[in-house]
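Asks: My questions will all concern the structure given below.
The values are calculated or read from the model by the stated rules, or taken from the named source; none is laboratory data. Computed from a predicted model, the values in this text were never measured in an experiment. In this analysis, Cβ positions are derived from the backbone assuming ideal geometry, glycine residues included, and neighbour counts consider all displayed protein chains.
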Amino acid sequence: MPCTGWYEWTGTKGNKAKNYFSQASGEPLYMAGVWFEGEQKQLVTLTTKPNEKCAEYHHRMPVIVLPENVDYWLSSEPETLEPFMLAIEPSLIEVSSR
């Protein structure tokens, strides 16, 4: 799923801060997802253990597919995708308060 980023909230009730995560280069991110057909169509974003930067804000993060791996992700068998389910390098993510 192409996107510009995602949000995580931190703080206590009544004093929440919104944190925006995006690609440090400013390019789009590609979140890994699974599409389910049926009575109700569903798109589920896959998550993984966070990298060091994202762990400061939340206990998980989206699985990010790097641009050079998108075609492989879309055309491969699910059992071959496990290596791509790890968190990306912290330097690729920028965090800003909104």
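Asks: I need every pair where a residue in the stretch 31-51 that is closer than 23 Å to Asp71 by Cα and modelled with pLDDT of 95 or more has its Cβ under 8 Å from the Cβ of a residue that is hydroxyl-bearing (Ser, Thr, Tyr) and surrounded by 10 or more Cβ atoms within 10 Å (Cβ to Cβ), sequence separation at least 6 or different chains.
Replies: So the pair list comes out as Met31/Thr45; Ala32/Thr45.
Asks: Is it true that some residue in the stretch 81-93 is of a type in the set (Val, Ile, Thr) and either farther than 19 Å from Met1 by Cα or touching a Cys at 6+ places or on another chain (Cβ under 9 Å) (or both)?
Replies: Checked against the condition, which is being of a type in the set (Val, Ile, Thr) and either farther than 19 Å from Met1 by Cα or touching a Cys at 6+ places or on another chain (Cβ under 9 Å) (or both), the stretch 81-93 yields at least one hit.
Asks: What's the number of the condition Ser96 fails, among (1) of a type outside the set (D, E, K, R); (2) under 17 Å from Pro2 (Cβ atoms); (3) touching a residue at least 40 places away in the same chain (Cβ under 8 Å); (4) touching a strand residue (DSSP E or B) at 6+ places or on another chain (Cβ under 8 Å)?
Replies: (2)
Asks: How do the pairs read when you match residues in the stretch 1-27 that are over 14 Å from Val63 (Cα atoms) and of a type in the set (A, V, I, L, M) with residues anywhere that are surrounded by 12 or more Cβ atoms within 10 Å (Cβ to Cβ) and at pLDDT below 95, using Cβ under 7 Å and keeping only pairs 6 or more apart or on different chains?
Replies: From residues that are over 14 Å from Val63 (Cα atoms) and of a type in the set (A, V, I, L, M), the pairs are Ala17/Thr10.
Asks: Does Leu43 qualify as being touching a Gly at 6+ places or on another chain (Cβ under 8 Å), closer than 16 Å to Ile93 by Cα and of a type in the set (A, V, I, L, M, F, W, C)?
Replies: no
Asks: Please list, ordered by first then second residue, the pairs with beta carbon atoms under 6 Å, 6 or more apart or interchain, first in the stretch 76-90 and closer than 14 Å to Val34 by Cα, second hydroxyl-bearing (Ser, Thr, Tyr) and at pLDDT below 95.
Replies: none
Asks: May I pose another question? Looking only at the stretch 1-32, how many residues end up being outside any loop (DSSP other than H, G, I, E, B) and surrounded by fewer than 16 Cβ atoms within 10 Å (Cβ to Cβ)?
Replies: Number satisfying all stated conditions: 12.
Asks: Within the stretch 41-98, which residues are surrounded by fewer than 16 Cβ atoms within 10 Å (Cβ to Cβ), in a strand (DSSP E or B) and touching a Pro at 6+ places or on another chain (Cβ under 6 Å)?
Replies: The answer is Thr45, and nothing else.
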